[in-house]
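The values are calculated or read from the model by the stated rules, or taken from the named source; none is laboratory data. In this text the structure is predicted, and so the values were computed from the model without any measurement. Here Cβ is always computed from backbone atoms with ideal geometry, including for glycine, and neighbour counts include all displayed protein chains. Just the protein is used for accessible areas: all its heavy atoms, side chains included, with ligands, DNA and RNA removed. Shrake-Rupley method; radii C 1.70, N 1.55, O 1.52, S 1.80 Å.
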Amino acid sequence: MGARGRSADSDRIDVGREWVAEEVSGCQFPDQRLGSRLHSLMGSLGAQVGSTIPTACEDWASIKAAYRFLSNDRVDEHAILSGHMKATARRIRAADGPILILHDTTEFSYDREDPESIGYTREMPSARKDVTGKTIRYRVCGVMMHSSLAITLQGVPLGLCAVKFWSRKQFKGTQALKKRINPTRIPIEEKESYRWLQNVSQSTALCGDASRCVHIGDREADIYELFCTAHQQGAKFLFRTCVDRLAGDGKHTIADEMAEVAVKGLHQVGFRDKKGRLCHAVLELRYRHIRVRPPTDKQKRYPDLELTVLHARERNAPKNRKPLDWKLITNMPVRSRQQAIEKLDWYAMRWKIETFHKVLKSGCKAEEALLRTADRLSNLIAIYCILSWRILWLTMFNRTSPAEGPELVFTETEMRVLDAKISNTGKIRDMPRSVERYVIMLARLGGYIGRRNDRPQGNKVIWRGMVRLTDIVFGVMLAEQDVGN
């Protein structure tokens, strides 16, 4: 969070620059000055998470420099994230065991008078109807992002492996298209879903050792070409399915074969419903090794795959909610109840990329940006991606390594401020000097109560605390400088 051993100056962005330098030092820009500007801008936005560019940069010269950087033709999301991805690769090499790479797509919506300069994400039905009684549809202005986040088996985010931005200029209408042509006949390279294949390939290459990669995705990842891409590269995958594919000799489907499989074990899980209440469910586990065949129109181009299908469905689900029902497909072996549970636990980690997107939108407030073009918004969101990763990393690192020394995360000045600002009560009363103790203090700055039986602090109180801590540390450094003078 802080820059160890640096003297204070009058610029707020110097507070907390060390980790920023680690994430941008490997950036590849055609002009070195662009790298220096990124370092400065990220320091400003990181010190004021959720603030607008004028608020974070404060003076007019810095504000103009930030806007010039974001609109520079030589700056794009790939250049901005290149240093962070190199740092991600280093963290992956330093980590032990398999690396889970989570994939997902999200959208950022904006209200603009000139939406054509940004593009659209989707069409939505409105409450109005035309003179014929037909529902009027409108287009949502915004930017799409497909991201790939690497995490450890303990859930600690190591960083982004690949990111793709795009927007849509026109809509062909999926249902209308299906009436004219079979979508399976369209080459994957001409579809938006091709980004899944690109991100899997880029993430596997970044990891270095394909055998360590386990790519995880929701039902949007149920793409046969994606299965083949991961399998051919030697990587593992674990995707949720929604398509009943051809199996065996091609005269029956996966569902036909799974209907013959008896329950091979039970597994109890705990989760929270939409109202935050803790629930428990007993899952029936079924799994089978199946020869999966490509769609009929793609059988000349893609081979059959030997995959494992794993079904987990809730037994005796209550009537007030839908039963838990996961249908997963993987190229990893599942031969026992323990291996089935392991794969379910890995897939459950997928929710962390949803949390990452939530930090982007709620913490960094990416959808409140007022930039007017898709390119500028993509550049800004790319910066927010690094800041959001840092917030998520701090939250999860505290949960997995609470006893580590606080020097790994905080500077001496920050710890001194937290010790003076936060009273020694509640959970921290009997805690040793550790990451957990100071993260709780940081969260209390962000509104976390910190009673003994409270749930662990989340990302929201962490980013609120970071902003307050940066302000306080900045004031302390200025006061110490005045005393020194």
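Key figures for this structure:
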| read-out | value |
| --- | --- |
| Accessible area of ILE223 in the full protein assembly, 1.4 Å probe (Å², nearest 10) | 20 |
| Between helix 32-47 and the chain: long-axis angle, C-alpha atoms, 0 to 90°, nearest 10 | 90 |
| Probe 1.4 Å, all protein chains present, accessible-area order of SER71, SER203, largest first | SER71, SER203 |
| Cα pair distances exceeding 19 angstrom across the stretch 287-408, given as percent | 70 |
| Charge-dipole axis of the chain as Lys and Arg at +1 and Asp and Glu at -1 on Cβ define it, positive-most pick from ALA205, VAL476, TRP351 | TRP351 |
| List ILE186, ILE53, ordered by accessible area with a 1.4 Å probe, largest first | ILE186, ILE53 |
| Solvent accessible area, Å² - LYS421, 1.4 Å probe, full protein context | 110 |
| Inverse of mean 1/r across different Cα pairs in the stretch 224-289, Kirkwood, Å | 15.0 |
| With DNA, RNA and ligands ignored, accessible area of MET349 (1.4 Å probe; Å², nearest 10) | 40 |
| Too-long pairs where the Cα-Cα distance tops 22 Å, listed order kept, from LYS319/LYS358; LYS361/LYS460; LYS236/LYS358 | LYS319/LYS358; LYS236/LYS358 |
| Mean separation of Cα contacts under 8 Å, 6 or more apart, over the residue count of the stretch 196-343: relative contact order % | 20 |
| Whole-Hz ³J(HN,Hα) from phi, Karplus 6.51 cos²θ - 1.76 cosθ + 1.60, for the stretch 394-409, glycine and proline x | 4, 4, 6, 4, 5, 6, 9, 9, x, 8, 5, x, x, 4, 5, 10 |
| Interchain or long-range residues, amide H under 5 Å from ASP104's placed H | SER147 |
| Helical contribution to [θ] at 222 nm, DSSP H n ≥ 4, -39,500 (n - 2.57), averaged over the chain, rounded to 500 | -12000 deg cm²/dmol |
| Beta bridges per DSSP with both ends in the chain, % antiparallel, nearest 5 | 90 |
| Protein-only accessible surface order, largest first, of TYR194, TYR224 at 1.4 Å | TYR194, TYR224 |
| Rounded to whole Hz, the Karplus (6.51, -1.76, 1.60) HN-Hα couplings of the stretch 366-377, x for glycine and proline | 5, 7, 9, 5, 10, 4, 9, 10, 5, 5, 5, 5 |
| Per-selection Rg to Rh, the stretch 378-452 - Cα, Kirkwood hydrodynamic radius | 1.03 |
| Tail beyond 15 Å, pair distance distribution of the stretch 369-412 (Cα, percent) | 58 |
